[in-house]
Structures are given as C-alpha cells and as structure tokens.
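This report concerns only the one structure given below.
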C-alpha cells in the first residue's frame, strides 16, 4: 500500500475511534439537529421591499401599459416588463423572480366596460410563503391605486375595478413550514458542520496529541483529509436523518432527486467543515473555537442566508457580503429541491460556488497549519 494512503487511512481510523470514544461529536451530529429541527418546525413562524416580479403584457392597449407602469413605479417591487410570458415563467421557476403579473389580451376592452369583468392574474412563488403573501397584497394595492387614479383622471366614479386572480406555485397552501424547514436544514447543517471540525484541532492541542502528530511524517494534505473525511460522513448522515424527519414528521414535500440533494449537501458540508478546520487551526482552545464557530458559522447563516430576511431587501453592502456566506446557496438549493424540483440551471451554479468557497477555506487551512507545524 502507498505510504501516503497508509498514513491517511490510519489518521481516518484514529479519528473514527476518537469519535466513538467521545460522545460530544455524536451529540452534535445527531441530537442537536433533531432538537433544532423541532424548534424550527414547531416554534418559528415569520412573516420584504423591492420584491422582484415580472409583468407580462398581452394587451397592446393603453390601460395595460398604464397598469404595467404603475407596477414599475411601485417602491415595493423591482419590476421586469416583458411581452413574453413563457420567459418570465422560466425566470420564476429559476428563482430569479418572486412573482408574475399577467395582463391578459382583452384587459383594456374589459376595463372600458367598468363592470368588474377585467381580470389580472398574479402568480406568486410559494417557496417563500411570506414573500408570496407580500406579492399578493402589494399587487392588490397597486391595482387598487391605479384604478382610483384612472377614475379620477377620467372623472368617472363608482365603476368596478379589475379583479385579481391569484395562483401560488410550488406551495399552494402557503404553509410557512414548507418554506421554513428547508432553510432551517441549511442553518442546522451550518452549525453542525462548523462545530464538528472547529473543536478537532483545538482538542488535539489541549490534549497534547498535536505535538505527537507533528513528530510523524504526516503531510499537511493527509492531516486535513484525515480530519475531514470522518466528519464529512457524520455530517452527511445527519443531513439525511434531518431530511427523513422533515418528510416523515412534518410532511414536507420533496420534489427533487436524491443525487441533487447529496451534491448540494456535500458541497456545502465541505465549505462548512473547511471553515471549522480553519477556526480550529487558529484557536488552541476548544471554548474559543466553539465561540468562533457559532459567531462565524451560525449567525451569518441565520441572518444573511435569506432564511429569514429577503436578501434583495438588504442594503447593498450587506447584500454583497451574503455572497461569501455558504448557507445562502444551500438555502436556495434546498428550497428548490423540496418545493420545485431539479432546476439544474439554479442548482449547479450554487454548487460550484460552494466548492470554490470550500477550496479557498482548505487552502487557508493548509497555509495556517503549515505555520503551526513549523
């Protein structure tokens, strides 16, 4: 057997033995996610500005253009106007729009009648239940305001305005749990992935075993792989267990495929574990490592991933910061997999970014570990 492979496999066996002897890792991997899942599933229910929507104009009349302009002027929407409804539907499926307003081809003619026969269709993305509610309510407000202005400009009062016909895609019942739990899974995995490895090297320093590892001919890459692989397996098992609980206990729909779930979760875990290893390489104390893991892993994932707050509504500086938060990409992928399906045009770029973040974190960990070993 190749010496590199022999040393790496010995490190992996050592780490698995250490996991078996130390129940804290098993508690973090299997007990903590269940507790958090119950808290998010039963206890969290949250109710944005500048919501991205599309307006599909099928009517060439002036009233249709005027209503589209009203949506364009609304401070609550970032509106993309197009005459191609299919293009806007694909944008909605890909998650680049949160809603779609369809102005039908007979809209202007029906408006002239003033008998309430005019219809406007509103399609909302139910994967974000709270945002979908905003889309419906704000769209109704825009139409009502537009109709009042039209009546005033024409000097006509008392006529019945257009009616909104609302459809919710992906989460028709607007069950907040269906949109919250996929995001909660991402937050849980951010905590687990960062904590699992953040304590590893710090624990080695505290117990005095890191000096023994330094005296061996183990390469830095072998040390990182030996530390990473066992916790990667633990993290993936925790993820699969959490998904199974979500589907079985909370009746969460899963419309994607298992390979897509494994790819997204694996790429995210690599980034989270890499972040934990970097923290543990810099901190020789388990308490300090745990605090850094919670501050840099949990809080940014909770606040800046889009799980609670709509990213589009954040200030530009904060919005730019979210691009280096791995949980942002997992939240989007999990919501897509659970509620929409395998939209690879959305999943693959996010997976690629997660792998890139993981590579950067492992590179920084290797550089920091080299300094320690010297």
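Every read-out reported here was derived from the displayed coordinates using simple, explicitly stated rules and does not represent laboratory data. Given the structure is predicted, the values throughout are model-derived calculations rather than measurements. Note that we place each Cβ from the backbone using ideal geometry, even for glycine, and neighbour counts take in every protein chain shown.
Listed by Cβ neighbour count within 10 Å, with the fewest neighbours leading, 344, 205, 146 appear as 344, 205, 146.
What 222 nm value per residue comes from the helices of the chain, counting each DSSP H run with n ≥ 4 as -39,500 (n - 2.57) and dividing by all residues, nearest 500 deg cm²/dmol?
After summing the helix terms and dividing by residue count, I get -21500 deg cm²/dmol.
Of the beta bridges in the stretch 51-169, as assigned by DSSP with both residues counted there, near 15 percent are antiparallel. Report note on the peptides 251-260, 123-132, 231-240: ranked by the mean count of other C-beta atoms within 10 Å, highest first, their order is 123-132, 231-240, 251-260. Of the residues 197, 8, 365, 332, the one with the fewest other Cβ atoms within 10 Å heads the list, and the complete ranking is 8, 332, 365, 197.
Restricting the calculation to alpha carbons of the stretch 153-206 gives Rg and Dmax of 25.7, 81 angstrom. The packing ranking of peptides 263-273, 93-103, highest mean first, is 263-273, 93-103, where packing means the average number of other beta carbon atoms within 10 angstrom of each residue. Maximal additional length on extending the residue 262-residue 317 stretch stands at 16.6 nm, based on 0.36 nm per residue less the C-alpha distance. Note on the chain: antiparallel DSSP beta bridges, both residues inside, total approximately 15 percent of the bridges counted. Ranked for footprinting exposure by Cβ neighbours inside 10 Å, fewest first, 115, 106, 63 give 115, 106, 63.
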